[in-house]
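What follows is a short report on a single structure.
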Amino acid sequence: MKSGSAVLDYSRPKSLDEALRTLAGGDWRVLAGGTDLYPVAGPRLAGPVLDVTAIPGFSGLSGDQDLRIGAATTWTDIANANLPEAARALQQAARQIGGRQVQNAGTIGGNLCNASPAADGVPPLLALGAEVELVSAAGTRRLGLQDFLLGPRRTALRTGEILAAIVVPGSGLRGRSAFVKLGARSHLVISIAMVAARLAVDGDRVTEAAIAVGAASPVAVRLPQVEAALVGARVAEAALRVTSADVVASLAPIDDVRATAAYRRAAVAELVRRAVSEALA
Amino acid sequence: MIAFSLNGREVEVEAPPAERLSEVLRERLGMVGTKVGCDAGDCGACTVLLDGASVCACLTPVAQAEGRKVTTVEGNTPTLARLRAAFLAHGAAQCGICTPGMLMSAAELLEETPKPTADKVEAALGGVLCRCTGYRSIIAAVVSAGQEALAPTVADGVGASVQRLDGAAKVAGDSFGADAWPSGALVVKAVRSPHPHAGFEFGDLDAYRARPGVAAVFTAADIPGRNAFSVIPPFADQPAIAASPARFRGECVALVAFDAGAEPDLAGFPITWTPLPALALPAEAEVGALLHPNRPGNLLIEGRVIKGDAAAALAASAHVVEGGMTTGFVEHAYIEPEAGAAWMEGETLVIRACTQAPGMDREDTAAILGLPMERVRIIPSAVGGGFGSKLDISLQPLIGLVTLKTGRPSRMIYSRHESMTSTTKRHPAEMRGRIGCDASGRITGIEFEGRFNTGAYSSWGPTVANRVPVHVSGPYFTPAITARARAIHTHGPVSGAFRGFGVPQGALWQETLYDRLADKAGLDRLEFRILNALRDGDASATGQVLRATGIHDCLTALRPHWTRALAEAKGQPGRGVGVASCWYGCGNTALPNPSTIRIGLSPKGEVVLHQGATDIGQGSNTVIAQIAAEALGLPLAAFRLIGPDTGLTPDAGKTSASRQTYVSGRAAKAAAEKLRGELLRRANAGEGATLALEGAELVVRDRGTTTRIDLAALPPDAHGHSVTTEASYDPPTTALDANGQGAPYAVYGYGAQMVELEVDRALGTVKLLKITAAHDLGRAINPMLARGQIEGGIAQGIGLALMEEYLPGRTENLHDYLIPTFGDVPPIESLLIEVPDPEGPYGAKGLGEHVLIPTAPAILNAIRHATGAEITRVPALPHRVLEALEGRDD
């Protein structure tokens, strides 16, 4: 049935050039793991669909100074990779996104392009200072992740452009990190809120702090006031430097079916303390 | 053409590249072992392996399978074989709908970790939801599959943990409602109201009918019979297809039948909606416009129980507590959305669908379609979970109408969204009242008022309104009670039957109040319950003098656990221990509730059990056969099961109210005893004789005399058997009078559960540590299946307490509507208490609903013990717990 038209509806290019040529010629939906596209597709996934999972170099992790993660790298591959301790939060998140089935198929690039306020991959990447590499027929550009995510379901991706990779600069790979996720059940849960904390330490002092929170604002955010308060703190006292006022200053939580805004404000402060403690443990 | 390896065989398939792999497997390759529960990656039922890695087939474009290895539950690997055996040995498959997904996830795990720990299993299988088992038996099965193989149990008869007789099918991918259909069947889709209350007008239906692929369109005007049904016929008010206005979001207003292979797309269906004011809450509805003109105040019914003078008793009480409890809509969330197929066999309309009540389906469908009952045959498919909602008809009259009108076979599969929006829910309850006790802690009286949101139509609202006052004392001696429960119509989803018929809501109210009352009386909370527990000879709230009352035994069985748990929790911040009880009358409330079972010996020497009770996972296929085998005196291995099928089995009533083991079990026992008597008579043997089957010969041995009856030589009867008997059983009950006095049930079951947990005081989250469950089931016909019921009921109780709330328009999927996952159900220790009831078969009582009732209140009581926080609204989501905690801190 209808196989002729269907072929035109679906492209699975074997090279980046082919993908970009295809993309330039129409309004394609980019598909990788399918874990975000199919749930909202209804009975059929409407095309045209550009499947990026066969493009060489689009999946896998690499790099010496920087860490480069192909956009089509699955969460399972990220969880199983041998990464610096600064990326531990990312790996912890990778093991809590959906179940194994979703981790085996779902990709880091898809998580970013889907731009859900509750995307578990985003806070760890913000805490790493990650950038995104966007490619089009016109060339390549890089954006900080915070500039790529514009709002719920909105990104800076332009027509004809594709997210090729996530790049963590060497500076983001210092220290150790932790990810703390809060939900009303243990598996398969959309976060009420989640926190990633990355801290670098010299002696018994915190020298660098990157704290990011998701599901408590339209887009996940870093908490600059909390970070400033943490820098210079003694390791043993660091978590005590996290004040609720500093935490909520950067947040704009809402009431939804999972929790109230007031609860999110209270809970996030606690989650930040726990993430800081775990990262320093 | 897309080519891949499927279970080791190379296949090529013509399919759109973006088509879901699940759809390609099922619809194009006929491999229906892979189940579809949500089409959204939320349930994991469709899990298959892609090059050994688990993926949701519903999220996988078939194009990505190109050149790869796909393994499904139809595969035959040594790992899958080990897992199947372990699942059967541990009772890890109940309804079986999640089993293929569980098996495939477990297979992935065992390939990488051959001997996993329980923690590893829990983490690895966390992507698959199960609504029946409570997960613990699945964890045990997968752990054991990594160990030495177990010798299968050989025991037989009553009291043996026989593996499910339908188990082999369950672990192979059983045939559910969506899994069989006549070729060329029309695909039926329903047009449903997007509004809770709305008028509607159709546009040019004829133009829509003329679209390519559209075979037929039907509306309420096409219903040939009475377009009103209810599970309780005098209340019949729900249309199969609504005429304007629609009274709830998700109500069916039209049907479109598409040709097989056409795109079943409802886009562009000509309908114009006019939203109307909707009544969401009972308080508004009591003073609002009427949903049904003959029901003033939108009151469907009020149930009441009045004994003694409760107000005076409370006034004279040493201690009185007063309080309220509020609950929300709860969704059954079985993993199998409603599905079925219909076709004509001569003049007979045949409907094969998932159901809990084939007899009622037949009556309602015949009435709606204007057919005599003889022209409707209902064949229940395997049922992928029911829990009460599949008692009501759903798609049966819809596909029946299409097939009847077109003469063509048809089929229908609800989407998850459709299943959640259009089928029944647990009643939201707003309850308030007072309970008193004397200075020694003996309960003196209860006043209770409950308002239950029954939604747009009657369904089981009357049953809930009647059951709650009867049970709301809990299993405690209560000299004086005034209890009223009103079922109020709103424009909410239809509230119907859900495991416990309102009793779990009532127990949340009464059991949390009893904890406060025990504190006031200065008694230990468990000892307070033991002191007040009903005993043999006590009169219940309805004045029924009770016997075989097992609650005292259940509570005392918890004593050593209670002492240990309190000692362990002492001084541990956030740790708490809670207890709650249940009782539950088995079968219809004060109404006839018969079952009939037929049993025969075939000319080939098989015992043929015509068993019309639907097994929705609870185990009646096995338990009823065990009872029959015991009564007949022949081994289960000689049995062949027929049915359920209204064409082949007598009516065993519906699978509800925890009645099948008791009521159908009694009928099976009677039928088997009758058969045994007939065989002994023919052999001229005495009661003590033994029976054996040797091929087609029945061998009767009686004190040294052996008689052989050649079954093949006997003339076959109307059923094709050599000998057939049939027996019915109807529980002896009496009607309730105007004050709710009488003997509404012949048998009650009892139970008590103890919860140990830890509350995170900063986040309001609750971690369950252990649940100890003591249940009096009279006689454990099959202890393994009984434990499975307990664990599964507890899981649903956990959901009720901590996470489940159906909000129309907002939680209509399985990622916003949360049910417990692996990791949310702690280790469970089941204590099977056997206080035999003289009325039950071999003393057996019902169990299926009892097991859910104590869990949620025991959790709330443990939270209060841990923190002092009094939760008066469930689910106790983290933000509500934190609010309650902060209330304490002020």
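Among strands (runs of 3 or more DSSP E) entirely within segment B:622-719, having at least 3 residues that are at pLDDT 95 or above and closer than 30 Å to B:Val350 by Cα singles out B:639-642. Being in a loop (DSSP other than H, G, I, E, B) and under 22 Å from B:Thr423 (Cα atoms), is that true of even one residue in segment B:196-212? Yes, segment B:196-212 contains a residue that is in a loop (DSSP other than H, G, I, E, B) and under 22 Å from B:Thr423 (Cα atoms).
For segment B:2-38, which positions are of a type in the set (Lys, Arg) and either part of a strand (DSSP E or B) or facing chain A (nearest Cβ under 10 Å) (or both)?
Residues satisfying the conditions are B:Arg9, B:Arg20, B:Arg28.
From the list A:Leu271, A:Leu280, A:Leu223, A:Leu188, the one residue that fits, being within 14 Å of chain B (Cβ to nearest Cβ) and either farther than 30 Å from B:Ile819 by Cα or out of contact with any strand residue (DSSP E or B) (no Cβ under 9 Å at 6 or more places or on another chain) (or both), is A:Leu188.
Kindly indicate whether any position in segment B:650-661 is surrounded by fewer than 24 Cβ atoms within 10 Å (Cβ to Cβ), in contact with a strand residue (DSSP E or B) (Cβ under 7 Å, 6 or more places away or on another chain) and either more than 20 Å from B:Thr690 (Cβ to Cβ) or among the acidic types (Asp, Glu) (or both). Looking through segment B:650-661, at least one residue is surrounded by fewer than 24 Cβ atoms within 10 Å (Cβ to Cβ), in contact with a strand residue (DSSP E or B) (Cβ under 7 Å, 6 or more places away or on another chain) and either more than 20 Å from B:Thr690 (Cβ to Cβ) or among the acidic types (Asp, Glu) (or both).
Does B:Ala668 qualify as being touching a residue at least 40 places away in the same chain (Cβ under 8 Å) and out of contact with any helix residue (DSSP H, G or I) (no Cβ under 6 Å at 6 or more places or on another chain)? The answer is no for B:Ala668. Inspection of segment B:507-519 finds a residue satisfying the criterion of being at pLDDT 95 or above, within 24 Å of the chain's Cα centre (by Cα) and more than 22 Å from B:His552 (Cβ to Cβ). In segment B:315-357, the residue that is farthest from the chain's Cα centre (by Cα) out of those that are surrounded by 20 or more Cβ atoms within 10 Å (Cβ to Cβ) and charged (D, E, K, R) is B:Arg352.
Exactly one residue out of A:Ile97, A:Ile108 is hydrophobic (A, V, I, L, M, F, W, C) and crowded, with 24+ Cβ neighbours inside 10 Å, and it is A:Ile108.
In segment A:1-110, counting only helices (runs of 4 or more DSSP H) that sit wholly within it, the ones holding 1 or more residues that are on the phi < 0 side of the Ramachandran plot and over 24 Å from the mean Cα position of the chain (by Cα) span A:3-9, A:16-24.
Among the residues here, B:Ala190 does not qualify as under 30 Å from B:Gly407 (Cβ atoms) and either under 23 Å from the mean Cα position of the chain (by Cα) or free of Cβ contacts under 8 Å to residues at least 24 places away in the same chain (or both).
The set of residues in segment A:42-71 being aliphatic (A, V, I, L, M), under 22 Å from B:Val24 (Cβ atoms) and more than 8 Å from every other protein chain (Cβ to nearest Cβ) consists of A:Ala46, A:Leu50, A:Val52, A:Ala54. Is segment B:295-312 home to any residue that is among the charged types (D, E, K, R), over 27 Å from B:Gly496 (Cα atoms), assigned to a strand (DSSP E or B) and modelled with pLDDT of 95 or more? Yes. Pairs meeting the criteria (first residue in segment B:52-78 and away from chain A (no Cβ under 14 Å), second residue buried (at least 24 other Cβ atoms within 10 Å of the Cβ), beta carbons under 6 Å, at least 6 apart or on different chains) are B:Val73/B:Pro100; B:Val73/B:Leu103. Condition check for B:Asp824 on (1) in a loop (DSSP other than H, G, I, E, B); (2) within 14 Å of chain A (Cβ to nearest Cβ); (3) in contact with an Asp or Glu (Cβ under 9 Å, 6 or more places away or on another chain): one failure, at (3).
Scanning segment A:191-220 for residues that are of a type in the set (Val, Ile, Thr) and buried (at least 24 other Cβ atoms within 10 Å of the Cβ), we see that the one that is farthest from the other protein chains (Cβ to nearest Cβ) is A:Val206.
Determine if segment A:31-41 includes at least one residue that is β-branched (Val, Ile, Thr), more than 28 Å from B:Arg416 (Cβ to Cβ), in contact (Cβ under 8 Å) with a residue 40 or more places away in the chain and crowded, with 16+ Cβ neighbours inside 10 Å.
No, there is no match, as no residue in segment A:31-41 is β-branched (Val, Ile, Thr), more than 28 Å from B:Arg416 (Cβ to Cβ), in contact (Cβ under 8 Å) with a residue 40 or more places away in the chain and crowded, with 16+ Cβ neighbours inside 10 Å.
Close Cβ contacts (under 9 Å, 6 or more residues apart or on different chains) running from residues in segment B:864-888 that are within 22 Å of B:Met754 (Cβ to Cβ) and away from every other protein chain (no Cβ under 13 Å) to residues that are acidic (Asp, Glu) and surrounded by 22 or more Cβ atoms within 10 Å (Cβ to Cβ) comprise B:Arg864/B:Asp515; B:His865/B:Asp515.
The one condition from (1) surrounded by 14 or more Cβ atoms within 10 Å (Cβ to Cβ); (2) touching a residue at least 24 places away in the same chain (Cβ under 8 Å) that B:Ala685 does not meet is (2). Please find, within segment B:459-492, the residue that is surrounded by the fewest Cβ atoms within 10 Å (Cβ to Cβ) out of those that are under 24 Å from the mean Cα position of the chain (by Cα), of a type outside the set (A, V, I, L, M, F, W, C) and over 18 Å from B:Ile232 (Cβ atoms). Only one residue tops the list, namely B:Gly492.
All conditions but one from (1) touching a residue at least 60 places away in the same chain (Cβ under 8 Å); (2) touching a Pro at 6+ places or on another chain (Cβ under 8 Å); (3) assigned to a loop (DSSP other than H, G, I, E, B); (4) away from chain B (no Cβ under 11 Å) apply to A:Ala252; the one that does not is (1).
Out of B:Ala260, B:Ala198, B:Ala215, B:Ala254, report the one residue that is surrounded by fewer than 20 Cβ atoms within 10 Å (Cβ to Cβ), of a type outside the set (D, E, K, R), more than 14 Å from chain A (Cβ to nearest Cβ) and touching a Ser or Thr at 6+ places or on another chain (Cβ under 9 Å).
Within the list B:Ala260, B:Ala198, B:Ala215, B:Ala254, the selection yields B:Ala215.
Got at least one residue in segment A:70-82 being in contact with a strand residue (DSSP E or B) (Cβ under 8 Å, 6 or more places away or on another chain) and over 27 Å from B:Ala106 (Cα atoms)? Yes, segment A:70-82 contains a residue that is in contact with a strand residue (DSSP E or B) (Cβ under 8 Å, 6 or more places away or on another chain) and over 27 Å from B:Ala106 (Cα atoms).
The values are calculated or read from the model by the stated rules, or taken from the named source; none is laboratory data. Note that this is a predicted model, so its numbers are computed, not measured. Note that we place each Cβ from the backbone using ideal geometry, even for glycine, and neighbour counts take in every protein chain shown.
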